Amino acid sequence: MRRFVLPILFAAALPAASSSIPSAMNAFTTACYQQLAPGDGNLILSPFNIATALSMLLAGARGQTAEEIQSVLRLHYDSTYDAGLGSLLDSLSKGGNTEGNELHAANGLWVQQGFAILPAFENTLTSNYHASVTPLDFIDNAEAARSRINSWTEEHTKEKIKNLLPPGSLDARARLVLTSAIYFYGKWQNPFVAARTQPAPFTVPSGTTIQANFMNQTFHSGYAETAAAQILEMRYAGTGIAFDVMLPKTPAGLPQLDKSLTVENLTAWLASLANRNVQVSLPKFRAESQFSLSRQLSAMGMPSAFTNHADFSGIEQHRGLEVSDVFHKAFVDVSEQGTEAAAATGIGMRASAIMRPEQPVVFRADHPFLFLIRDTRTGLVLFIGRLTKPQ
């Protein structure tokens, strides 16, 4: 069976709020996070990026393979889906590029020279995902092809995502690679003053403390509480995009918060946000993660895509393609001015209001917490992660 590789980098975008796509994407986000949450290290990923990549793959899937991918993505795939997602991506990009903020997306379709893909599949990707089509020679020079695709990834994430496709991930059996990338830079609506950043203790999962640089300010922001956590929402200027922090009320509370992170709970928590005067202490941090996701996606419900029983006859009619692996890398940097984030996914396939004066709420994020980067207009989560040790 022939295989093709599909490295996917992606950028963000938004559709009409009535669309079912954001709710499906967020359900996939919480399910994906639950698969990757075990452990106690820092974590950053963009399930929206992964879902965008899988959606491009779904456009060429048929039969049981298509049903499994739809199930994992929590969506119903019909003739309107690709156009709807394309509209969402365009809307996100348009809304995110204001007042010095940046939100960029790029998609690509890389095909073995002489390998015939169905015109309908190519048209779906070029029309709805704006994917450029580039012929490469995987058969005679797979490493050069891998280098070309990785360079494209770096370019479209401003060099934040490097070596998306690891050495050996492409070989002479590769026939096709899909790429989708996201890059975001957002300036805080209420930036922190660098002179107020001070070192202070941060409790790590072992219970010991380390020194971290805490940004400090008091301002009106979205705030809510549950029985187990405080929730803070900080907006990026003029974008409708926000950074949400879910801080357990006890230093050891993150594992339980992880377990309670369902799409239903997340929706309810964020719906309860209200404008409050908040005294914020938040550590500066950078986090990077990389994953091979074939095992997790199989466990989530799409095992046939990774076998020679895969049906991608919507890409090429002979059912000669199967997924070999799914690679994902993500990056986030939170500082006084704002947030920079990027993500890339690669699917490898081979041939088989005004307030009264009030006392501020204290929000001191001095122990492990969850965070999101989210479009508040649609509710779509673009990135999700946790911080257990500021770096």
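Read-outs: derived from the displayed coordinates by stated rules, not from any lab. Everything quoted here is computed from the prediction, not taken from an experiment. Cβ coordinates were reconstructed from backbone atoms using ideal geometry, including for glycine residues, and neighbour counts include every protein chain displayed.
Scan region 157-195 residue by residue and report those that are among the aliphatic types (A, V, I, L, M) and either crowded, with 16+ Cβ neighbours inside 10 Å or within 17 Å of Ala237 (Cα to Cα) (or both).
The answer is Ile161, Leu164, Leu165, Leu170, Ala174, Leu176, Val177, Leu178, Ala181, Ile182, Val193.
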Suppose we keep only residues that are in a helix (DSSP H, G or I) and charged (D, E, K, R) within region 262-319. Which one would you say is surrounded by the most Cβ atoms within 10 Å (Cβ to Cβ)? Arg295
Go over the candidates Thr65, Thr29, Thr80 one by one and state the one that is over 18 Å from Gly301 (Cβ atoms) and not charged (D, E, K, R). Thr80
Tell me which of these Glu154 doesn't satisfy, since it passes every other one: (1) surrounded by fewer than 16 Cβ atoms within 10 Å (Cβ to Cβ); (2) acidic (Asp, Glu); (3) assigned to a helix (DSSP H, G or I). (1)
Checked region 57-105 for anything of a type outside the set (S, T, N, Q) and in a loop (DSSP other than H, G, I, E, B); matches are Ala59, Gly60, Ala61, Arg62, Arg74, Leu75, His76, Tyr77, Asp78, Glu99, Gly100
From Phe331, Phe383, residue being part of a strand (DSSP E or B) and in contact with a Phe, Trp or Tyr (Cβ under 8 Å, 6 or more places away or on another chain): Phe383
Ser324 out of contact with any Lys or Arg (no Cβ under 6 Å at 6 or more places or on another chain) and either more than 30 Å from Asn213 (Cβ to Cβ) or not in a loop (DSSP other than H, G, I, E, B) (or both): no
Residue count for region 85-124, restricted to those that are buried (at least 18 other Cβ atoms within 10 Å of the Cβ) and farther than 21 Å from Arg319 by Cβ: 17
